[in-house]
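The values are calculated or read from the model by the stated rules, or taken from the named source; none is laboratory data. Everything numeric in this text was worked out from a predicted model, so none of it was measured. Counting neighbours? That spans all protein chains shown, and the Cβs are built from the backbone with ideal geometry, glycine included.
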Amino acid sequence: MTTEPIALPPSACRVKEAAEELGLAIVVQVMREPTRTAEQAAAACGCAVAQIVKSLVFAGEESGRPYLLLVSGQNRVDERSVAAALGEPLARLDAERVRALTGFAIGGIPPFGHASPLPVYMDQDLLAFDSVWAAAGTPFAVFSVSPEALAQAVGARAIRVTG
Ligand code: 5CA
């Protein structure tokens with residue numbers, strides 16, 4: 001039996017390095033089962049769907065500015081609540097635009113380490129947990145983190161995303 005550590009895929013490695021730069025201590029785990037959706041990630045991590053962090057990229061309808069929303073896996077974004085918190089309505093972006101802004105493909109988008117810095121807002125429901133799980137750059141890679149530590153590291157403002 002080999003005891004050699006298995007190298008992280010490049011996208012997951014970028015997330016690990018970005019965490020180090022932020023001073024956030026995380027262990028990136030590559031799962032055997034896909035973690036592409038919140039439901040899959042919860043099953044693979046053995047946690048509640050609500051403990052999964054969805055990293056969703058939107059653009060302001062008026063400003064065109066991109067925003068990153070960190071949303072609890074069981075919550076749907078209520079556009080009116082979020083518009084009230086951000087001061088403008090949001091529009092969804094297509095997968096290519098999301099990839100260009102973040103440097104990652106949908107299903108593995110991490111909450112930091114993006115190609116361009118994005119203003120970050122965190123679903124306040126995530127703060128109810130001691131730990132949450134987020135994607136680490138690929139649809140098989142995840143890490144756990146305290147939601148407070150994550151919010152602090154990325155400078156996230158807590159908002160209500162549900163109606
Ligand atoms: N790895 C999992 C758990 S962390 C994950 O990344 N989940 S996620 O919810 O953050 O990523 C999938 C999300 O991408 C979906 O909830 C959906 O809102 C969004 N999405 C899926 N397809 C598209 C698309 N074509 N364009 C834009 N957004 C999309």
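A few comments on the model shown:
- Looking across the range 60-84, the residues that are assigned to a strand (DSSP E or B), closer than 16 Å to THR102 by Cβ and more than 11 Å from the ligand (Cβ to nearest atom) come down to PRO66, TYR67.
- Residue within the range 50-59 that is in a helix (DSSP H, G or I), within 13 Å of the ligand (Cβ to nearest atom) and of a type in the set (A, V, I, L, M) present: yes
- Residues of the range 1-24 that are in a loop (DSSP other than H, G, I, E, B), at pLDDT 95 or above and exposed (fewer than 11 other Cβ atoms within 10 Å of the Cβ): GLY23 alone.
- Residue in the range 45-58 that is farthest from the chain's Cα centre (by Cα), counting only those that are buried (at least 19 other Cβ atoms within 10 Å of the Cβ) and not hydroxyl-bearing (Ser, Thr, Tyr): CYS45
- The range 72-91: number of residues that are under 26 Å from ASP130 (Cα atoms) and in contact with a helix residue (DSSP H, G or I) (Cβ under 8 Å, 6 or more places away or on another chain): 4
- Verdict on PHE104 being of a type in the set (Phe, Trp, Tyr) and either within 12 Å of the chain's Cα centre (by Cα) or surrounded by fewer than 19 Cβ atoms within 10 Å (Cβ to Cβ) (or both): yes
Okay, residues lined up against (1) crowded, with 20+ Cβ neighbours inside 10 Å; (2) touching a strand residue (DSSP E or B) at 6+ places or on another chain (Cβ under 9 Å):
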{"position": "ARG76", "(1), (2)": "no, no"}
{"position": "GLU96", "(1), (2)": "no, no"}
{"position": "GLY108", "(1), (2)": "yes, yes"}
{"position": "VAL120", "(1), (2)": "yes, yes"}
{"position": "LEU127", "(1), (2)": "no, yes"}
{"position": "PHE140", "(1), (2)": "yes, yes"}
{"position": "SER144", "(1), (2)": "no, yes"}
{"position": "LEU150", "(1), (2)": "yes, yes"}
{"position": "THR162", "(1), (2)": "no, yes"}
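- Matching residues, the range 95-136, being assigned to a loop (DSSP other than H, G, I, E, B), small (Gly, Ala, Ser) and within 18 Å of GLY73 (Cβ to Cβ): GLY107, GLY108, SER131, ALA136
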